[in-house]
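Enquirer: The structure that follows is given in the form of structure tokens.
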Amino acid sequence: MDLIFHEKQQGNLCAQHCLNALLQGPYFSPVDLASIAHDIDEIEKANLREMGADAIYAQDQRSGGGQHGSSNHHDDSGYFSVQVIEKALQLWNIRLYLAGSEAASTVLQAPCEEKAFICHFNNHWFTIRKLGRQWFNLNSMQKGPKYISDTYLSLFLAQLRTEGYFIFVARGELPSSEADQMLTLCPYDHSLEREEKVSQAKKDAAKKGHDWGEPAGSVLNPLNTSSTSSSSFLNKSTPVTTNPDAIRNKRLKYFMDGNGDTSDADKSIPGEKPVKVANSSTVVDHDEFEVIESDFNDDPELAEAIRLSLLQS
């Protein structure tokens, strides 16, 4: 898309942008088009003089007659008439035909057979052109060229005509351009437009302070340690009974004293090293895991009960 020549709107210079988009290069400047408009004015004035109407024409110009002030074909803002555009294109042996006219009566039924269109409405001009084998909307009011599929082209032109646009088909040998050559060899992948829109939406959201977050991943084990014994204990596949009551009883037996009091976290089975129960505010010591694994390795159910207690705390 970077190879496609596209001028962004400046003032009312849409006629210049339209012509240069059609020819795919900076072929015309405002001075060039103003000179063409002046030539047209002089020709029209000479024709009126021959008809004996030069006095009326001069009075009309002095009073600011015509849609565009002192000239019927351009003004100081940069607007240029269709006559100026037609005259400019004649320099390249390109002709404009109004869609629906006798010379282009069926052009809207088979637009893909053409090479380019020029559209006009409410003093704005823009070009739709085929580059390679694909169509692009080169409207200067846009940020850049917009891809148009063959299927959508007919619908788009019909919509423009419904909105009041005048649609002209440009016929003739358009000058060669780098974009046309490149897109003939490597057609534009329009599926990238959606990715670009998503990427731009994320950038816009980031500017507004929105956090898109990170992809979901694994939950890290808060009991991550470098101890080989504790790691092997927490991940060891020990055959245990599937009876939940047996596991629950083993767990209660270990953590409760004879009276069923669990308020003292430091209580343990007589003769064993006290073991602290891990919770959200307690850091489990590596040595405590070693005691659990070494002292209760012979009782798989008790080991599983303790392991579940530690992991669920």
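The values are calculated or read from the model by the stated rules, or taken from the named source; none is laboratory data. Every value quoted in this text rests on a predicted model; they were computed, and no experiment measured them. Heads up, the Cβs are rebuilt from the backbone with ideal geometry, glycines too, and the neighbour counts pull from every protein chain shown.
Enquirer: Just to be sure before I move on: is PHE156 crowded, with 16+ Cβ neighbours inside 10 Å, among the aromatic types (Phe, Trp, Tyr) and farther than 11 Å from ALA21 by Cβ in the structure I sent?
Expert: For PHE156, the condition - crowded, with 16+ Cβ neighbours inside 10 Å, among the aromatic types (Phe, Trp, Tyr) and farther than 11 Å from ALA21 by Cβ - is met.
Enquirer: Among the residues of the range 98-106, are any of a type in the set (Ser, Thr, Tyr) and either within 27 Å of HIS38 (Cα to Cα) or in a strand (DSSP E or B) (or both)?
Expert: no
Enquirer: Given (1) of a type in the set (S, T, N, Q); (2) out of contact with any helix residue (DSSP H, G or I) (no Cβ under 8 Å at 6 or more places or on another chain); (3) within 22 Å of TYR188 (Cβ to Cβ), where does THR106 come up short, assuming only one miss?
Expert: (3)
Enquirer: Going residue by residue through the range 152-175, is there one that turns out to be under 21 Å from ASN93 (Cα atoms) and of a type in the set (D, E, K, R)?
Expert: yes
Enquirer: Is there any pair with a first residue in the range 96-119 that is surrounded by 14 or more Cβ atoms within 10 Å (Cβ to Cβ) and a second that is aromatic (Phe, Trp, Tyr) and not in a loop (DSSP other than H, G, I, E, B) whose Cβ atoms are under 6 Å apart and which are 6 or more apart or on different chains, and what are they?
Expert: Within 6 Å, the pairs are LEU96/PHE168; LEU98/PHE168; ALA104/TYR97; ILE118/PHE168; CYS119/PHE126.
Enquirer: A further question follows. Does the range 133-150 contain any residue that is crowded, with 17+ Cβ neighbours inside 10 Å, more than 26 Å from LEU192 (Cβ to Cβ) and either in contact (Cβ under 8 Å) with a residue 24 or more places away in the chain or among the hydroxyl-bearing types (Ser, Thr, Tyr) (or both)?
Expert: No, that holds for no residue.
Enquirer: Might you check whether a residue that is within 30 Å of the chain's Cα centre (by Cα), assigned to a loop (DSSP other than H, G, I, E, B) and within 22 Å of LEU13 (Cα to Cα) occurs anywhere in the range 80-91?
Expert: No, every residue in the range 80-91 fails to be within 30 Å of the chain's Cα centre (by Cα), assigned to a loop (DSSP other than H, G, I, E, B) and within 22 Å of LEU13 (Cα to Cα).
Enquirer: Is it true that some residue in the range 44-64 is modelled with pLDDT of 90 or more and either part of a helix (DSSP H, G or I) or touching a strand residue (DSSP E or B) at 6+ places or on another chain (Cβ under 8 Å) (or both)?
Expert: Looking for residues that are modelled with pLDDT of 90 or more and either part of a helix (DSSP H, G or I) or touching a strand residue (DSSP E or B) at 6+ places or on another chain (Cβ under 8 Å) (or both), one finds none in the range 44-64, hence no.
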